[in-house]
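Data block below; observations after.
Derivation of every value follows stated rules applied to the coordinates shown; laboratory data play no part. Since the model is a prediction, treat every value here as computed from it, not as a measurement. Virtual Cβ from ideal backbone geometry, glycine too; neighbours counted across all protein chains shown.
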Amino acid sequence: MPLFDTHAHYQDNAFRQDRRELLEALPAAGVEAVVVPGVDVESSRAALALAEGYGGVYAAVGIHPEDCAGCTDGDFEAVRALCGHPKAVAIGEIGLDYYWKENPPKAFQQEVFRRQLDMALELDLPVVVHDREAHGDCLDIVLAYPGLRGVFHCFSGSPEMAEALLKRGWYLGFDGPITYKNAKRAPEVAAVTPLDRIVVETDAPYLSPVPNRGRRNDSRNLPYIVEKLAEWKGVPPEEMARVTWENGLRLFGLEGLL
Ligand code: NI
């Protein structure tokens with residue numbers, strides 16, 4: 001059963017020395033589809049360049065809250081233009097990050113987020129949402145957009161927030177931290193999330209799951225996440241692999257392509 005890594009930053013410098021070998025090795029390791037998200041115009045272009053080079057690689061394009069300082073109308077227009085690429089399957093990653101004090105002011109992050117949500121609705125694309133320490137505002141903002149669809153990447157909210165999103169058709173992304181001993185909320189969130197709304201992500205090069213915690217992450221670690229979810233949901237790992245593959249295809253509109 002193939003695996004779908006719905007979030008991996010292969011344009012990151014962490015992969016500069018072995019990017020090609022690694023991406024070429026993924027299908028043999030069972031990972032047959034990957035979405036590479038951008039965090040600004042430059043990294044979105046780089047994500048699309050990778051998508052052009054590898055069959056199973058797709059891109060999300062967008063401006064991340066940590067990288068939005070000083071972004072201009074020209075940057076939004078550049079993102080919009082990149083959305084026209086046949087392998088641009090989503091706008092992302094976008095959202096709110098209140099964790100780092102040096103991040104742009106909340107009001108500005110929200111404006112950047114909303115502008116890209118408007119664009120997603122207009123272009124009929126799903127979004128990949130980054131929400132760090134900003135659960136209330138992220139939820140309020142996305143719920144104000146009926147018809148908006150997408151995934152909360154590396155979901156870290158409460159089960160109640162998960163339910164509010166699921167009711168509106170959202171997908172939830174599960175990452176390496178669900179394998180950490182201190183994962184408290186993740187099993188509760190998994191419990192309320194139906195199988196057909198779960199996607200698995202590495203967030204490579206970050207967030208390596210146990211037993212590779214602390215090392216550079218890549219999509220070959222996806223089975224550790226699949227196995228943990230399978231255990232929590234009481235299904236065989238092959239079943240979890242199958243549903244998350246299908247969910248990834250449905251989320252990003254790739255059913256006909258892979
Ligand atoms: Ni990310």
Quick one: what are the phi-derived ³J(HN,Hα) couplings along segment 211-228, Karplus 6.51/-1.76/1.60 with θ = phi - 60°, whole Hz, x for glycine and proline? x, 9, 3, x, 9, 4, 8, 8, 4, 5, 7, 4, x, 5, 6, 4, 5, 5
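Just to be sure I follow the definition: excluding the sites themselves, where is the longest run in the chain that has none of the chymotrypsin sites (Phe, Trp or Tyr not before Pro) in a DSSP loop with at most 11 other Cβ atoms within 10 Å? Spell out each step's value before the answer.
Values: sites that count: TYR99, TRP100.
No qualifying site falls inside 101-258, the longest such stretch.
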For segment 1-134, alpha-carbon Rg relative to the globular expectation (2.2 N^0.38 Å, N residues): 1.05
Run the reach check for LYS106 against lysines, Cα to Cα strictly under 28 Å, same-chain hits fewer than 8 apart removed. What comes back? LYS167, LYS184
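Which number do you get for Rg(Cα) / (2.2 N^0.38 Å) in segment 141-258? Can you show the working numbers first?
Details: Rg = 13.9 Å, N = 118, 2.2 N^0.38 = 13.5 Å.
So the Cα radius of gyration is 1.03 times the expected 2.2 N^0.38 Å.
Where does the charge balance sit around ASP175 when Lys and Arg score +1, Asp and Glu -1, over other residues with C-beta under 11 Å from its C-beta?
Numbers: positive: LYS228; negative: ASP5, GLU201, ASP203.
Once positives and negatives cancel, what remains is -2.
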Find out how many positive minus negative residues lie around ALA59, taking Lys and Arg as positive, Asp and Glu as negative, among other residues whose Cβ is under 15 Å from that of ALA59. -3
Among GLY38, PHE15, CYS68 - extreme Cα towards positive end, dipole of segment 1-144, charges at beta-carbon: PHE15
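Where in the chain lies the longest segment free of trypsin sites (Lys or Arg not before Pro) that are both loop residues by DSSP (not H, G, I, E, B) and have at most 12 other Cβ atoms within 10 Å?
17-100
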To the nearest 20 debye, the chain has a Cα-centred charge dipole, built from +1 on Lys and Arg Cβ and -1 on Asp and Glu Cβ, of 500
Net charge near VAL243: determine it from the other residues with C-beta under 12 Å of the C-beta of VAL243, scoring Lys and Arg +1 and Asp and Glu -1. 0
Taking N as the number of residues in the chain, the ratio of its alpha carbon radius of gyration to 2.2 N^0.38 Å works out to 0.92
About its Cα centre, what dipole magnitude does segment 133-258 give when the only charges are +1 on Lys and Arg Cβ and -1 on Asp and Glu Cβ, stated in debye to the nearest 20? 240
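Using +1 on the beta carbon of Lys and Arg, -1 on that of Asp and Glu, and nothing else charged, what's the dipole of segment 53-206 about the Cα centre, debye to 20?
Details: 14 positive and 23 negative charges, 80 e Å.
Rounded to the nearest 20 debye, it is 380 debye.
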